[in-house]
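Q: A single structure is presented below for examination.
Derivation of every value follows stated rules applied to the coordinates shown; laboratory data play no part. Because the structure is predicted, anything quoted here is derived from the model rather than measured. With ideal geometry, Cβ positions are generated from the backbone for all residues, glycine too; neighbour counts draw on all protein chains shown.
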Amino acid sequence: MGLRDSLFGRTKQVAPNLDNLFALPTAALTLQSELDLVSSGQAGLCFKSGSGESTITTDDDIKELLDFDETTNKVTLTTDDLGFKWLVVSDPDFEALVTRIHAANTSMVEHGLGPRLLCAVFGFVPKTPPGEGSVRIVYLMKQGTFYPFAPTGPSQRNNELELRVKSFLGTDLIFEKDLGRWMALWNLPVK
Amino acid sequence: MAKTKIETDHKLNVRMFITGLALVALYAIIVSVMLSLGVSTVLVIVIAGALIFSQYYFSDKIAMYSMHAHEVTPAQEPKLHEIVDRLCLLADMKKPRVGVSDMDMPNAFATGRSPNHAVICATRGLMNRLNDEELEAVLAHELSHVAHRDVAIMTIASGVGLLAGLVSRIAMFGAMFGGGGRGGKGSQNIVLLEMVTMLVSMLIYVVAYLLTMALSRYRELAADRSGAILIGKPSVLASALVHITGDIGKIPRTDLRKSEGMNAFFFAPALAGGTAATLFSTHPSLEKRLDQLSKLEKELNG
C-alpha cells in the first residue's frame, strides 16, 4: 500500500497470481519418487463469494461458469463452516487437474471474481497406504506461493511431514516463506 | 433527519463536549505552567512530543492493557485465528497478532504503530453476539484500519494540532517580550496580551480537536468501505453494525464509561451517542454508516 492510499484510507483489491501453478506437475513427480505420494485425483478452489459481481450470484451460476467439461459431472460446489465456497474438481490425470483448476481461475478472473480467490488445494495420498499420511499442497492465490498442509486429526497437523515436503519440493515450487501463512484448512472438502 | 431506535442523550453529549474541552484546556494549562515556570520552550516541545510519541509507539500495549485484553494462540481461539488468517491472505497483508478481551461489551479494535506491530482484538461480548460471518465483517473493518495505518495518521493529526497551538503560543510570547521592552508602562499591556495569547492558543486547540474528530469519523467510513469490499458483502457488515450498536444502547451506561478512553480505536463507540452525530464524536452516526454500506451494496450488484 502506497502513502496516498494510506492518506485517503483506501485499499486496492488484490489480483490473484496464477503464474506459478504450472510448476505443480514437476513437483508431483518429485513427491512420488521421494515420499511415495501420488495425486488423490482431487483438487479444490477456495473463494469468498460476495454480493453482485457481474451477473454471478447463485451457486448454479458459478458452477455453470466453471463446469466447462459438460460430459462429465466432476465439479461440486460446497460451502465450508467459515462461509467460503469450495469448487472441487476430480480428474485422475494430475496434469489435467492442474489445467482445469487454472482454467477455472482464469474464468473467475475474467468475470471479476479475481480478488475473491483465496487458494487452490491439491490432494496427495500415499501410494501404498498407510504410508506417512496424506498431504495437501496449497497454492495461495494472492501471494503466488505454495505450502504443504498435512492434517492428522480434527485440529492437528503433521508439521514434521510438512517441513519434509518443503525440503524435497523446495527447488520445484516457490514456497511461502512466512510460516505464519501456512494456514490450517480444517474440514476441507478436498481429499 | 431520521431517528434511530437509540434515543439521543443530550446531557451525555454536553458532558462529552465539556470533557473534551477540559482535556484541551488541561493540556494548554500544563504547557502554560511549564512555560511560565521558566522551562525552556524546547524542553516543553520535547516533553509534549515524547508524550504523543509514546502514545503512538506503545499504542498496542496501551490499548490491550486498558481493554483487559490478552493475546491468544491459534490453539486457544482456532476460529478467530482462522477468520483472520483468511482475511489477511485475501487482502495479501501481514497477519497481525490476535487478542481477546474478556469484556462483555460487544466491540473490537485494531491498533499498533505499524502493520508489523499491529494487534487485532475482539471482545468476548462481540464473539458471543455475532455469527461467524458478521464477526468476519467486523474483523475486516479492523484489518482495514491496520492497512490504512490509522494509528499513525491519527497520531500525526493530533500531534500537529497540539504543535500548532504550542507554536502560536510561543510565537506570541516572543512578540510580547520583544515589543514590550520599549515603554515603561507595559505591565497593563502584558496582562492583556497574555489573555489574548491564551485565548488564541485555546481557539487553535479547540479547532484542532474538532478537525481530529472529523478525521476520525472519515477514517471509520473508509474502513467500513474497505472492509465491506474485502468480504464482498456490505450487507453483512451493516447487519453486524446494527446488532452491536443496538446492543450497546441497551447496556447500562455506567459500565461503558470505563472504556471511554478507547473510543478512537473502537469499532462502535462505547458511548451511545444516538443520532446527534455531533462534531465531537469519534465515530460517524449509525445511519451514515448504514447509508454508505447500502450504496456500496447497490454498486456491487449494479
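Q: Can you give me the distance in nm between label points at residue B:131 and residue A:12, each placed 7 Å from the Cα along the Cα-to-Cβ direction?
A: Once both label points are built, they end up 3.5 nm from each other.
Q: Using Cβ counts within 10 Å as a stand-in for footprinting exposure, how do A:101, B:156 rank, fewest first?
A: Sorted ascending by nearby Cβ count, the order is B:156, A:101.
Q: Hey, what do the phi angles of the range A:20-32 turn into as Karplus ³J(HN,Hα) couplings, whole Hz, using 6.51/-1.76/1.60 and θ = phi - 60°, x for Gly and Pro?
A: Along the range A:20-32, the couplings run 8, 4, 6, 7, 5, x, 4, 4, 4, 5, 4, 4, 5 Hz.
Q: If neighbour count is taken as other Cβ atoms inside 10 Å, put B:148, A:102, B:68 in order from fewest to most.
A: Details: B:148 23, A:102 16, B:68 13.
Sorted ascending by nearby Cβ count, the order is B:68, A:102, B:148.
Q: Return the FRET efficiency for the residue pair residue A:103, residue B:75: r is the Cβ-Cβ distance, R0 is 45 Å, and the value is rounded to the nearest 0.05. Kindly include the intermediate steps, with their values, before the conclusion.
A: Working: r = 38 Å, r/R0 = 0.85.
Plugging the Cβ-Cβ distance into 1/(1 + (r/R0)^6) gives 0.75.
Q: In whole Hz, with x marking every Gly and Pro, tabulate ³J(HN,Hα) for the range A:130-142 from phi via Karplus 6.51 cos²θ - 1.76 cosθ + 1.60, θ = phi - 60°.
A: Each residue of the range A:130-142 in turn: x, x, 9, x, 8, 9, 9, 9, 9, 10, 7, 4, 6 Hz.
Q: Evaluate peptide A:10-23: per residue, the Cβ atoms of other protein chains within 10 Å of its Cβ; return the mean as an integer.
A: For peptide A:10-23, the averaged partner shielding equals 3.
Q: What residues qualify as long-range amide H neighbours of residue B:39, i.e. H under 5 Å apart, gap of 5 or more or another chain, H built at 1.01 Å from N?
A: For residue B:39, no residues qualify.
Q: Now for a separate question. Using each residue's phi in the range A:146-160, evaluate 6.51 cos²θ - 1.76 cosθ + 1.60 at θ = phi - 60° and report the 3J(HN,Hα) Karplus result to the nearest Hz, with x for Gly and Pro.
A: So the J values, rounded to whole Hz, are 10, 8, x, 9, 10, x, 10, x, x, 8, 10, 9, 8, 5, 4.
Q: Expressed as a whole number of Å, what is the distance separating the alpha-carbon centroids of the range A:78-98 and the range A:163-191?
A: 17 Å
Q: Peptide B:227-234: average number of partner chain Cβ atoms within 10 Å per residue? Display every interim value, and only then the final one.
A: Numbers: counts 1, 2, 6, 7, 5, 11, 6, 3.
Going residue by residue through B:227-234 and averaging, the value is 5.
Q: Can you list residues whose amide H is under 5 Å from residue A:84's amide H, if they're 5+ apart or on another chain and H is modeled 1.01 Å from N?
A: Long-range HN contacts for residue A:84: none found.
Q: Within 10 Å of each residue's Cβ, count the other Cβ atoms and sort B:56, A:147 from fewest upward.
A: If I rank by nearby Cβ atoms, fewest first, I get B:56, A:147.
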